[in-house]
Structures are given as structure tokens and as C-alpha cells.
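Note sheet for the following structure.
The values are calculated or read from the model by the stated rules, or taken from the named source; none is laboratory data. Small disclaimer: the values here were computed from a predicted structure and weren't measured. Cβ placement follows ideal geometry from the backbone for every residue including glycine, while neighbour counts extend to all protein chains displayed. We work out accessible area using only protein heavy atoms, side chains counted, and drop any ligands, DNA or RNA first. Shrake-Rupley method; radii C 1.70, N 1.55, O 1.52, S 1.80 Å.
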Amino acid sequence: MTAPLRLRLDTEALTGNWRALARMSGRAACGAAVKADGYGLGAPGVATRLAEAGCRDVFVSNWAEAEALAPLGLTVSVLHGVRDEDLPLALSGIARPVLSTPAQVARWQAAGGGACDVMVDTGMNRLGLSPDDLAALAGLEIHTLMSHLACADEDVAMNARQLAAFAALAGRTSARRMSLANSAGIALGAEYAFDLTRPGLALYGGIPRGELSDTIRQVVTPEAQILQRRRVRAGETVGYNATWTAAVDTDVAIINLGYADGYFRGFSDKGSAGQGTCPVIGRVSMDLVALDVTATSLAEGDWVALDYALPAAAALSGMSQYELLTGLGGRFARQWG
Ligand SMILES: *Cc1c(COP(=O)(O)O)cnc(C)c1O
């Protein structure tokens, strides 16, 4: 059975993006955030390709995600740490927990857990131990000490403050490596790279800072099949709430894709397909989108590629580049080329 909608996924672009970020990371190793199912692309498919390119360290949010990657033989870190419920899996050694609360630290110590990572908060106030809690880490085998940048996609003083706070922790723990930078952090400069970088968004074609715009290539293109081509007469309307009215006779293609697939309602009357030749008209429905295909010979059964360059698509739809990736739903066939 072939799904009527698919994601075309570009292996060369993915691995090229990783290599470019690895180069920008200088002497630091370059890992990959593959949480949220590889930002919607499919974590095993992403991780397999990055491993072939030379990536060793991958980051997921929870232990179910770690389990899905276990067969690949990569070094997996679980960013949300370890709950009581996670201990059996965590102690089996398939991944390292990234401990981020005093209770997690105590739990891991009491369980006799092995190598772990530690997240320290340097100002974001999301996850992480306070620098004052680091004394409690005595005796733990810490592989990587991490922190996370709150505003790396902006030019604000907070970046340098977090950098200084993190750099001050060097030598304060037994950690073998230090890691601070996400995608945007890599573009902030070599001093942010420490020993290991953790890009996510830019691997998948997202561009969080202008410095990356010449380097990062699009990885994901959603494609959908045309269900019907119809002629809409001047003065008639298309779609829910009749928001679009034909100014002239218009040929309309209805495609197999909608907001339930992550093609969000913000693309209504704004998105396009076929490199701008086919504007989205009217409201995006749950499972359907209408395109103006007057300028084309596209017919029922043909496939069309949605325009999905992430910075432009984010600006049009009002969604973030992250949401545009992670929203891509389970109905797409994921086809790596
Ligand atoms: C998601 C995440 C990353 C990757 O961030 P991007 O902005 O997608 O590059 C890195 N580190 C941590 C702790 C994260 O949660």
C-alpha cells in the first residue's frame, strides 16, 4: 500500500549539514539531537545516516526514544534524566541519563548507576542543577557536563553571560567533556563549542541564525498526490467558510494533505507548491488543501511538492521552524533519497 502523501528526505543534505556543523565546531565533537523522532523525520533513519557520516553522540528526550535507537550502537544521552520508572532500562546501559535535579542524582547514586551526564542551569531556568548543587555529584562517573543556551538565535548579552557561567564550571566536576552549543550556539563562535556540540534544527534544514543560511540545505520536502482537479468559475468560492473567491475562472487541485499532517492552517491563502507556481487557496482543511494549478498541467493522481524551505515557511505560517518539522505526521511515507 502506498500512502498518498510522502516526505522526500535528502540524505546528502542531512549529512552535508552535519559535516558543515562539525567543521564549525572546530576541535569539538559534533553530536545530534534526534529527539521527537528525529525532529519529525524518523529518528532511526536520521541516526543511521548520521552514524555513517561519523556522528557518535545523539540526544533524545526520554527512554522510549533511547530504546528505539539502541540497535544502532550510538552513544545515546537521555536529556530528561531518570525517573524511578526508567531505572530498569537505564541500568541496562542502553543510554546515559542526563541528570538534572538533585533527586535524579540521588536516585542514580542509590541505584549504583554507571556513567551519566549532568545538565547544569546557567540561566535558562528550564532543566538543570544549580551550580551550587555540583558538590552532590561526588562519586558519580560523569561523562559530559552540559548546559543549554536560552537565546542563541538572538544577539543578546545573555549568551555571553551563559558562556561565562558555563566556562567557570571547568574542573568543578569529574566530567570528561563539556557541551553547551545547540545549532544556533555553534554559529555564535568557536568559544561556545567546548568539547561537544549538540545541533538539532540545522541538521534538518532549519536556519536559526543568518550565519548558517549559506551553509545549511533543505532536507525535508512534503509531497502529496492530487485527488481532484476542478474548474472553479469566477465568483465561486473554495473551502471552509468560503474565504477565497475566484476572481477569474481558476483550475484548482485538491491534494491529500492537511493540518492533521502538520501542514498547518497558517498556510491558508499563503503557502504554495511547485516552487511558487501553485498558491494555496482558501483554508487548509484537516486532510485536504486546495491549490491554484491554472498555470500547470497537473492532473488527478499527479504528485506535487509543497514549498517548505523552513525559514520562509515559518515566516508565512506563523509557526516556528521547529514546529514545522516536528509536526509532520504519521501519515507521510518517509522516503530517503
Ligand atoms: C533540543 C536540544 C538541542 C538541539 O537544539 P537545536 O536548537 O534544535 O539545535 C540541544 N541541546 C538540548 C539540551 C536540547 O534540548
Cubic angstrom per residue, convex hull over Cα atoms of the range 220-308: 80
Residues whose placed amide H lies under 5 Å from that of Asp121, excluding near-sequence neighbours: Leu129, Ser130
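Tally up the carbon and sulfur contribution to the accessible surface of the range 220-308 as a whole percent, 1.4 Å probe, everything protein left in place.
On the way: 1890 of 4010 Å².
Exposed carbon and sulfur together represent 47 percent of the surface.
What does the convex hull of the Cα atoms come to per residue for the range 173-331, in Å³? Please list the in-between numbers first.
Values: hull volume 20.6 nm³, N = 159.
Convex hull volume per residue, Cα atoms: 129 Å³.
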Sequence of Val118, Val248 from largest to smallest accessible area, 1.4 Å probe: Val248, Val118
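When the helices in the chain are scored as -39500 (n - 2.57) per DSSP H run of 4 or longer and the sum is shared across all residues, what 222 nm value do you end up with, to the nearest 500 deg cm²/dmol?
On the way: 10 runs with 81 residues, N = 337.
Calculated mean residue ellipticity at 222 nm is -6500 deg cm²/dmol.
Set the Förster radius R0 to 22 Å, insert the Cβ-Cβ distance between Met1 and Gln228 as r into 1/(1 + (r/R0)^6), and round the FRET efficiency to 0.05. Show your work: numbers first, answer last.
Values: r = 21 Å, r/R0 = 0.94.
With R0 = 22 Å, the Cβ-Cβ based efficiency is 0.60.
For the range 264-337, what value does the Rg/Rh ratio take when both radii are computed over Cα atoms and Rh is the Kirkwood radius, given to two decimals? Intermediate values should be presented prior to the final figure.
Details: Rg = 12.5 Å, Rh = 13.2 Å.
Taking Rg over the Kirkwood Rh, I get 0.95.
Tell me, rounded to the nearest percent, the portion of alpha carbon pairs in the chain spaced more than 39 Å apart.
Values: 13346 of 56616 pairs.
Of all Cα-Cα pairs in the chain, 24 percent lie more than 39 Å apart.
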Gain on full stretching of the segment that runs from Glu236 to Glu191 - 0.36 nm per residue minus C-alpha separation: 10.3 nm
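Can you tell me how much longer the chain between Ala315 and Gln275 gets when fully stretched, taken as 0.36 nm per residue apart minus their C-alpha distance, in nm with one decimal? Show your work: numbers first, answer last.
Values: separation 40, 0.36 × 40 = 14.40 nm, distance 1.63 nm.
My answer for the length gained is 12.8 nm.
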Table column - 3J(HN,Hα) (Hz), the range 27-40, Karplus curve with 6.51, -1.76, 1.60, x for Gly and Pro: 6, 5, 5, 10, x, 7, 7, 10, 5, 6, 6, x, 6, x
HN-Hα J in Hz across the range 54-60 - Karplus 6.51, -1.76, 1.60, θ = phi - 60°, x for Gly and Pro: x, 6, 10, 10, 10, 10, 10
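Where the only charges are on Cβ atoms (+1 Lys, Arg; -1 Asp, Glu), what is the dipole of the range 177-265 about its Cα centre, to the nearest 20 debye? Let's see the in-between values first.
On the way: 9 positive and 9 negative charges, 49 e Å.
In total the dipole reaches around 240 debye.
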Cut-off under 5 Å, modelled amide H: who pairs with Ala181 long-range: Arg198
Evaluated at q = 0.15, 0.16, 0.19, 0.23 Å⁻¹: base-10 log I(q)/I(0), Debye formula over Cα of the range 56-130: -0.45, -0.51, -0.71, -1.00
Selected from Ala103, Thr173, Gly123, residue furthest toward positive end of dipole (the range 11-209; charges at beta carbon): Thr173
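Can you give the Rg to Rh ratio for the range 1-134, taking only C-alpha atoms and Rh from Kirkwood?
Numbers: Rg = 16.5 Å, Rh = 16.1 Å.
Result: Rg/Rh = 1.02.
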³J(HN,Hα) computed for each position of the range 141-149 - Karplus, 6.51 cos²θ - 1.76 cosθ + 1.60, integer Hz, glycine/proline x: 8, 8, 7, 10, 9, 10, 9, 9, 7
Placed amide H near Asn256: partners under 5 Å, 5+ positions off or other chain: Gln225, Leu227
Cβ-placed point charges (K, R +1; D, E -1), dipole of the chain about Cα centre in debye, nearest 20: 280
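Assigning unit charges at the beta carbon (Lys, Arg +1; Asp, Glu -1) and nothing else, what dipole magnitude in debye, to the nearest 20, does the range 1-68 show about its Cα centre?
Details: 8 positive and 7 negative charges, 54 e Å.
Dipole size: approximately 260 debye.
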